[in-house]
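Novice: My structure is below; once you've seen it, I'll send some questions.
None of the figures in this text is laboratory data; all of them are computed from the coordinates on show. Values in this document were obtained by computation on a predicted structure and should not be read as measured data. Using ideal geometry, Cβ is built from the backbone for each residue, glycine included, and neighbour counts are taken over all protein chains shown.
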Amino acid sequence: MRELEKENDKQMTGDASIDKHWLKYYTEEQKNTKMPQMTAYKYLYSCNYKHLNRIALSYFGRKITFKQLFDNINKTAKAFNQMGIKENEIVTVALPNIPEAVYIFYALSEIGAVSNMVDPRTSGDGIKSYIKEVNSRLLIIIYSYYNKVKDFQEDRIVENIMIVSPADSLPLGLCFAYRMKEFISSTKKIMKNYKPIRWNEFIKKSNLNDGNIEAKYAPNRAVVIEYTGGTTGKLKGVVLSNENINAVAIQSVLTGIDMQREHNWLDIMPSFIAYGVGMGLHLPLTIGMETILIPQFDAKKFDELIMKYKPIHMVGVPSYWGTIIKSKKLSNKDLSYMIAPTVGGDAMDTTLEREANKFLKEHNCTSKVTKGYGMTEVTGGVAGTVPANNEIGSVGIPFVKTIISIFDPETNEELTYNQNGEVCITGPNIMLVYYNNDEATRQVLRKHKDGKIWMHSSDIGYMTKNGNIFIVDRLKRMIIRYDGFKIFPSLIENVICLHYAVDSCKVVGIPDIEHRQGKLCKAYIVLKNKYKGKEEIKEEIKNLCLEKLPEYSQPFDYKIRETLPLTSIGKIDYLALEAEG
């Protein structure tokens, strides 16, 4: 694994054969900014050590200053050290957005260890597989999910389990109520022979360690493993370095979006996704913003969070805006305080984008929806719309230290502007490797004839001369018929969404039972509320497709659904639609 990491390290900057016209949107100072060569912990500290009395975290009304944040990180690091956690050791962390999750991530960075981030809602067998994959000795999990892992010590899956309660950092009143709830259920959760370590017991170990526990900086050392592939195939562990995490944060700042220490940030994206740990957490904290932790996000209550916290900044996925623009609670609210409400993690269809921009304007927000582009393998983000250039449908321009180009997926030849091909990326955000999966790593990290390592995204898109990137579809979503015709679902979706009654639509491939190979297109459609139950709409949509689409890309079937299935973080769950058949 280290050899592949070293190879990737050789080209943290690079050049492509096309002109980088997008650089005109960046100042010389922005272009010459050096990427931080230090741990994520050290970069966080270097950005904030002169502002220790400012608020770093807000958690259900409890305010945690940067001084308290660093004190708690250091206590956690010392306790890990006392427990025997070594440099480069991998600790499995299954926590939502709570203060302890923040302390743990940065403490492991400080001592040179690695956070193996896992969604705590994962099944017991799923968590077991994550642990075995990386050979963790320690599992840290939220109290409410302990019951499904309580046998792991007895079964020798891990040596120790630590449980963290959401109450550990709650204000006194809320803490008491939550503790009572936990006490009532505790007899069902805690085993007699293999009792887990509680957070408060663990942190006391920091008092036994007075020495310097900060690990010596090592270039391209892994700091976190995030998992990808859950909506399209087998999960893979993406190994990200301290430099990756730092680069995505500082390059986001260098887009020129007004982000200041005095602003606040609503953190709804969990740290067990790269988008969450890099841009949802590390970015605002390195700026010095008050970061509001939301441990359990409910998209249906997004409007209530906005009214309660009045966030100046936030990141989310496009589906959340479908909820916001329909909110009656926000109908007369002033949102002028919002700056660059950002979406990423999934494609935002142009109809929703226009509706969201209209909604923001009607609510006195001078910003349009700020879109970004990225994936786990590039630490969550490599492109974004800058204030001077925010075209409908575009995901923005490359970050200032990142090069994005379009290549022919079959010949690997670089294409020119406005030509569809595979989106490829080179720059400081690119992952080290897939953990323990050299073959998968080689498939996506490829050396081109220019001598540079390019990350192959499997996204089909094109770039305009201004540097705006437009994503057409995923290679993996491409539907190939029995006769070899290739169909991009997004082209069908765009046509169906032209219908006045359609709220949203997704197209997937289903098996063609009349032929030995190939797939057929099936459209899943959600209608706007006032048109629900009107079956004649389906016939109108069919006629629209007959009018606008070629014969070979006509959907085989149309199904009206109440909603589209979503993954745990709000992305469209294509696997669920395909399974529905």
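Novice: Given just the C-alpha atoms of region 15-83, how large is their convex hull per residue in cubic angstrom? Spell out each step's value before the answer.
Specialist: Values: hull volume 13.2 nm³, N = 69.
In region 15-83, the Cα convex hull volume per residue is 191 Å³.
Novice: Another question about this same structure. Obtain the nm distance between the two label points defined at Asp125 and Lys86 by a simple spin-label model: each point lies 7 Å from its Cα along the Cα-to-C-beta direction.
Specialist: Taking the simple label geometry, Asp125 and Lys86 are separated by 3.3 nm.
Novice: Kindly state, as a whole number, the per residue volume in cubic angstrom of the convex hull around the alpha carbon atoms of region 76-168.
Specialist: Values: hull volume 7.9 nm³, N = 93.
Convex hull volume per residue, Cα atoms: 85 Å³.
Novice: Enumerate the whole-percent occupancy of each 20 Å bin, from 0 to the last occupied one, for all C-alpha pair distances of the chain.
Specialist: Going out from 0 Å in 20 Å bins, the chain shows 20, 54, 25, 1 percent.
Novice: Give me the one-decimal nm value for the distance between modelled label points at Asn364 and Ser144, 7 Å along each residue's Cα-to-Cβ direction.
Specialist: For the pair Asn364/Ser144, the computed spacing is 3.5 nm.
Novice: Could you work out the helix-only [θ] at 222 nm for the chain, with each DSSP H run of four or more residues adding -39,500 (n - 2.57) and the total divided by the number of residues, to the nearest 500 deg cm²/dmol? Could you put the intermediate results ahead of the total?
Specialist: Values: 17 runs with 165 residues, N = 581.
The per-residue figure over the chain is -8000 deg cm²/dmol.
Novice: Given Cβ point charges of +1 (Lys, Arg) and -1 (Asp, Glu) and nothing else, what value in debye, to the nearest 20, does the dipole of the chain about its Cα centre take?
Specialist: Details: 76 positive and 68 negative charges, 347 e Å.
For this selection, approximately 1660 debye.
Novice: Another question, then. How much length would be gained if the chain were fully extended between Lys24 and Leu544, taking 0.36 nm per residue of separation minus their Cα-Cα distance, in nm to one decimal?
Specialist: My answer for the length gained is 183.1 nm.
Novice: Remind me, what semi-axes does region 483-581 give for its equivalent ellipsoid, largest first in whole Å, using sqrt of 5 times each Cα gyration tensor eigenvalue?
Specialist: Details: eigenvalues 91, 64, 26 Å².
Semi-axes, largest first: 21, 18, 11 Å.
Novice: Please get the size of the charge dipole for region 478-580, origin at its Cα centre, with Cβ charges of +1 on Lys and Arg and -1 on Asp and Glu, quoted in debye to the nearest 20. Provide the component values of the computation, followed by the final result.
Specialist: On the way: 16 positive and 16 negative charges, 50 e Å.
So the dipole magnitude of region 478-580 works out to roughly 240 debye.
Novice: What FRET efficiency do you get for Tyr309 and Lys532 if R0 is 30 Å and r is their Cβ-Cβ distance, rounded to the nearest 0.05? Could you put the intermediate results ahead of the total?
Specialist: Numbers: r = 33 Å, r/R0 = 1.09.
It comes out at approximately 0.35.
Novice: Same structure, new question: Of Pro555, Ile487, Pro565, which is farthest on the positive side of the dipole of region 478-580, counting Cα position, with +1 on Lys and Arg Cβ, -1 on Asp and Glu Cβ, and the Cα centre as origin?
Specialist: Of the listed residues, the answer is Pro565.
Novice: Please report Rg (one decimal) and Dmax (integer) in Å for the Cα set of region 369-484.
Specialist: Spelled out, the Cα radius of gyration and Dmax of region 369-484 are 14.3, 45 Å.
Novice: For region 478-580, what is the percent of antiparallel DSSP beta bridges, rounded to the nearest 5? Walk me through the numbers before you get to the answer.
Specialist: Details: 12 of 17 bridges.
Percentage antiparallel, nearest 5: 70.
Novice: Taking +1 at the Cβ of each Lys and Arg and -1 at the Cβ of each Asp and Glu, which of Phe359, Ala388, Pro341 sits farthest along the dipole of region 289-443 towards its positive end, judged by Cα position relative to the Cα centre?
Specialist: Checking the options against the dipole of region 289-443, the answer is Phe359.
Novice: Which of the peptides 373-379, 135-141 is most tightly packed, and how do the rest follow, going by the mean number of other Cβ atoms within 10 Å of each residue? Please list the in-between numbers first.
Specialist: On the way: 373-379: 26.6, 135-141: 21.3.
Top of the packing list down: 373-379, 135-141.
Novice: Between Ala579 and Lys465, what is 0.36 nm times their sequence separation minus the Cα-Cα distance? Round to one decimal in nm. Write out the running numbers ahead of the final one.
Specialist: On the way: separation 114, 0.36 × 114 = 41.04 nm, distance 4.01 nm.
Full extension of this stretch gives 37.0 nm more.
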